[in-house]
Each structure stands twice: as C-alpha cells, then as structure tokens.
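So the structure is just underneath, and the comments pick up after that.
The values are calculated or read from the model by the stated rules, or taken from the named source; none is laboratory data. These figures come from a predicted structure and were not determined experimentally. Positions of Cβ are generated from backbone atoms using ideal geometry, with glycine treated the same way; all protein chains shown enter the neighbour counts.
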Amino acid sequence: MLNWIESRTGFVSMAKDFLTEDIPGGASYWYVFGSATIFAMSVQIVTGIFLTFFYAPSATTAWESTRAIYLNPFTHFLISIHYWGASAMIALVFLHMLQVLIWGAYKSPRELQWIVGVILLVVTLVLGLTGYLLPWDMNAYFASQVALNITGTAPIAGPLIQNIAQGGGVMGTNTINRFFGLHVWLMPAALVALVGAHLAIFRHNGPAGPISEDPRTLKPGRFWPDQMFMDGFISFLIFLVIVALAIFSPPFLDAKADPTNSTFVAYPAWYFLFLFEALDLTPPAFQLLTTIVGPTLGLIVIILLPWLDRSTTRSIASRKGVIWATIIVVAGIITLSTMAQLRIQHEQSLAGPAESQAQILAAAEPAAAAETTGSAAATGGAAAGGADLAHGQQVFSQNCSSCHGANGQGQAMVAPPLAGNPMVTGDPKAVIGVLVNGLHGQTIMGQSYAAQMPAWKGQLSTKDIADVISYIRGGLGTNKAAPVKESDIK
C-alpha cells in the first residue's frame, strides 16, 4: 500500500525527508513554538467549524443563538475551547515571533520568512478582533465600536474602511455579516495560505538553529523522534491548559447589545489592552498619532527589520540596539496593558455590581417567550391581511436594523426609533411613502436625524416592502397597528 501511494503521490518520500531533517544543535524545547502555534490554529479551525452550525449572524439572532450555545453543555464547552484557544494562538504567535527576533533568525536568507511571519501575526489579531464582535453582547458591541471608530480616524481611506466594515453609518446586522465573513472565511483562508508559505520557505532555508559564530560546529539532531516528541508534549500541555480554562473559567456572555446604553464600561480583548490605554492617556489632538501613525510605523519597522539591522552576525552582542528596543517595547506593552486592566476594573466597580451569568441567561427567557407568543409569524404564520411577519422580520434585519436597531430602538441623532413611534403606527400611507421614496434630512418627533433613508422602490419587491412595514407596525416593541397589503404599496 505504501509503495502504491508513493508511486502516485510521493507522499512517503516527502514524509521521510521531513522526519529525518537535521536540526542544528539537536532537538530543543526552544523550537516548539511554531508547532504549538499550528496545533492551536488547528483547534480553532475545528471548533470554529462546529460553532457555525449553531450561530446565526444577524442583529436579531446573533446574541440569541450565542445564548442557546451557552445553555447547551456541549456547545458551551465548545465555545469556551474556541475562546481560550484564540488567546493561546495569539500568545504563541507572539512568543514565536519574539524568539525569532531575539535569536536574529530574521537575517539573510530568511527575510521573506520573517515578513510572512509578521503578516501572520496581523492576520491572527484580525481574527481575534472580528470574532470578538460575534456574540453581539454589550461588551462585544462597545469594544468593537471603539476599534471601528479608531479605524475611521485614519486619514483619507479611514472613513471609507469604517463604512465598509460596518456596512453603513452605524453598527448592526451588516456589521455582523461582514465580521462573520472575515472571521469564518477570508481570514482563515489567508491564515492557512500564509502558514503554508511560511513552512515552504522554512523547508527551503532550513532551521536557523541556536546563535553560533560558526553553525557548522553545532551537533546536528533529527526531527524524529526527539523534536516531534517535544512538540507533541508541549502542544498536549497547552491543550490541557485550554481545557482547564474552558471548564473552570468559561467566557462571560453579557446582556444583549444595547446601543442606547451610555454608561456601560467595555473591556477589550487582552491583546488590545495596551492600545486602549494608550488612547485613553493621549490628548484628543494627538490620538491619531497613538492609534494610527504609531502602530503603522511600528509595523513597517518590524517588517523592514532584516534590512534595518546592519549587524553581520546573529550574536546578541552585535545586535544590542535591536535587543534593547525589543525589551523597551515589550515592557511598554505589559505596563500599558496592566494599567488598562486596573483602570477598567476600577470603572466597572464604580458602575455597580454586575449581573451574574445565570441572571443574564435567565432574564432573556421572558422576552423570548413574549416574542414567540406575540407574533404569529414567529412560527411561520401570517398576520391578518396576508402579511408574512416572519419574512418582514428577515427583511428588517437585513436592511433596517443597522440604523434603526435590532429592536427598533433607533440611534440618537442618526435614525429615529420605530418602536412606539406614532408616525409608524398611524396612517400607513406615511410610513409607506417613507419606505418607497426615502427620506432625507427630515425632523421626526421633534428631533433631527442625520442618516439618509434610502428609497426602497426598485430595491425591494412590493411583497418585501409590505411585509416589512407590517412587521414594523405590528411586531416591534409595543407596536400593534394593522398590517398593510401589497395593493396598498402599489
């Protein structure tokens, strides 16, 4: 069988070459970071695939589906593994990159290998950022809002990038859909491709080995079985730590995102704490330097490090400038992260005692029951007059909730509330006219709103418009007005 596979694929000889590869200086636990990172990535891919079976990406379903995941012991354990696996992967990528930097393994002929590794770190951070929003709870919403607002401050393309990422002027269903696509498809595809390129370049150049004036004096070792055992052992220990954290410290699901809450104290992911603290310490006039210019220049310097470092050897003595700069930057990141942690904890303590996880999950039960009994369309039924409220709710989630809010609560100075709005529940001709023809720069309910209401005529079918108006009039909040018909729209 092996001969048959070898004659048609060459896999056996490739595996043999890989396993018998010489390792300069012999097997060492210093070499495990790369393999452990790949293991953590594999855990994330596997758990992430299974989580997509249960997650529903929209402003009206993201938190509810996440809550359902938390209520099931198996899926709760799965999402906990995914949560802590993300932290492990980011930490391992950073440690691997730090080790390469200290050992000078970025120097010729490994410049491209270093660049791919830096891009891998960036992609891993983007994965963390996009995944942070998906539960659509209070913390995810407000922490992600800060990150998106920072993006919008970038000169020239910043506002455009923010608008594309949000899917409009405010966060909503379109934002979730874009972050979901980035987190589940684009970034993982880029990650796998970059890891493949990184390994291919590594195989071409071979391991750098420990720092030595003459690498030829290093006693060689074999990858199999010694190094593979060390890689597997450390990966197993990391997995045990992830499992222990998933069991004894599962991630906290906050209450559903409420954009109107102005007192909530958000807690960013630990790997962005230093940036949030730097932003908090910087006067508004100089925040662009802290959030955009500084990190961008730092990334450019890191990428160009193989050419900026003019030392002729990898020895630490000849690279004192690089080593001291690394120590200062790492110490600064740790200091700012610690300060942010203490500051946020203090602000949260001033906000009063927080609800427990059990209270948050239980508090959603009455709302879910009310929603189920309050709308015939929730079970596939139709309202009086033939309107399909379930379809109307879907149209609303896809086209309206990003501005008007998942529950029709509106956005201050951006879009008016639809729940409890007499214009919505009054003469249906008024709301029909707005949806069909749009609305621009109008004052509603005594307040001016900046968002431009698009004209849905030609964009949505007559049935779509009739169903979404019927849902808005009879399914949002306390709205109980009569539905409209397609003939009314025509």
- Note on the structure: Within the range 106-129, restricting to residues that are within 14 Å of the chain's Cα centre (by Cα) and of a type outside the set (A, V, I, L, M, F, W, C), the one that is surrounded by the fewest Cβ atoms within 10 Å (Cβ to Cβ) is Gly128
- Of residues in the range 455-476 being in a loop (DSSP other than H, G, I, E, B) and surrounded by 16 or more Cβ atoms within 10 Å (Cβ to Cβ), the one modelled with the highest pLDDT: Leu476
- Of these, Leu121, Leu95, Leu51, which one is free of Cβ contacts under 8 Å to residues at least 40 places away in the same chain and either closer than 24 Å to Arg319 by Cα or not aliphatic (A, V, I, L, M) (or both)? Leu121
- Is there a residue being among the aromatic types (Phe, Trp, Tyr), surrounded by 13 or more Cβ atoms within 10 Å (Cβ to Cβ) and either in the same structural domain as Asp258 (by TED's automatic domain parsing) or without any contact (Cβ under 8 Å) to a residue 24 or more places away in the chain (or both) anywhere in the range 5-17? no
- Taking the range 4-35, which residues are of a type in the set (D, E, K, R) and over 11 Å from Arg222 (Cα atoms)? Glu6, Arg8, Lys16
- So Ala157, is it over 17 Å from Leu273 (Cα atoms), surrounded by fewer than 21 Cβ atoms within 10 Å (Cβ to Cβ), of a type in the set (Gly, Ala, Ser) and assigned by TED's automatic domain parsing to the domain that holds Thr37: yes
- Task: Tell me, please, whether a residue that is farther than 23 Å from Gly85 by Cα and of a type in the set (A, V, I, L, M) can be found in the range 230-248.
- Result: no
- Task: Go through (1) modelled with pLDDT of 90 or more; (2) closer than 21 Å to Gly172 by Cβ; (3) not in a helix (DSSP H, G or I) and name the single condition Phe54 misses.
- Result: (2)
- Item | Output for the range 206-236, where each listed residue is modelled with pLDDT of 85 or more and either loosely packed, with under 15 Cβ neighbours inside 10 Å or within 12 Å of Ser28 (Cα to Cα) (or both) | Gln227, Met228, Phe229, Met230, Asp231, Phe233, Ile234, Phe236
- Item | Exclusive hit being touching a His at 6+ places or on another chain (Cβ under 9 Å), in a helix (DSSP H, G or I), among the hydroxyl-bearing types (Ser, Thr, Tyr) and in the same structural domain as Pro220 (by TED's automatic domain parsing), set Thr37, Thr66 | Thr37
- Task: Please find, among Val146, Val93, Val122, the residue that is part of a helix (DSSP H, G or I) and under 30 Å from Ser212 (Cβ atoms).
- Result: Val93
- Message: Please go through the range 155-178 and give me each residue that is at pLDDT 85 or above and farther than 18 Å from Ala62 by Cα, ordered by number.
- Response: Pro155, Ile156, Ala157, Gly158, Pro159, Leu160, Ile161, Gln162, Asn163, Ile164
- Message: Would you confirm, using the coordinates I've provided, whether Gln166 is under 24 Å from Gln287 (Cβ atoms) and either without any contact (Cβ under 8 Å) to a residue 60 or more places away in the chain or out of contact with any Gly (no Cβ under 9 Å at 6 or more places or on another chain) (or both)?
- Response: no
- Lone unmet requirement of (1) surrounded by 15 or more Cβ atoms within 10 Å (Cβ to Cβ); (2) over 30 Å from Ser80 (Cα atoms) for Ala190: (2)
